[in-house]
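> Okay, handing you the structure first.
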Amino acid sequence: MSKRLLALIAVAVAGFAFGVGSLIAQVPPHRPGTVCIVSDRFWCWADRPGNPGDSCVCPVPGGAARGRLG
C-alpha cells in the first residue's frame, strides 16, 4: 500500500475511534499549527502558521471568527 493510503486509513480509524461527528473526522491531515479551528464544525487554513493552541482568525460571511491553531 502507498504511504498516502495508509495515512488516510489511519485518519479514518482515528475518526471512528473518537466517534461520528468529532473534530478529527472533519479537519484534513495537516502539519500542527497550520489549521485554525473555530468550533467543532468549522475550520480554515491558517494565514500564518504558528504553535498549536495560539489564537487565530477565520474569515466568515459576517466578518471574522476567532479560533485556536490546531
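No value in this document is a laboratory result; all are computed from the given coordinates. Just so it is clear, the model here is predicted, and its values are computed rather than measured. Cβ atoms come from the backbone with ideal geometry, glycine included; neighbour counts cover every protein chain shown.
> Net charge within 13 Å of residue 52 by Cβ-Cβ distance, Lys/Arg positive one each and Asp/Glu negative one each, not counting residue 52 itself?
Cβ neighbours under 13 Å give a net charge of +1.
> Also: Among 68, 31, what is the fewest-to-most ranking by other Cβ atoms within 10 Å?
31, 68
> Classify region 31-70 as rounded, prolate or oblate from the Cα gyration tensor: take a ≥ b ≥ c as the square roots of its eigenvalues, call it rounded if a/c is under 1.5, otherwise prolate when a/b beats b/c and oblate if not.
Prolate, because a/c is 1.5 or more and a/b exceeds b/c.
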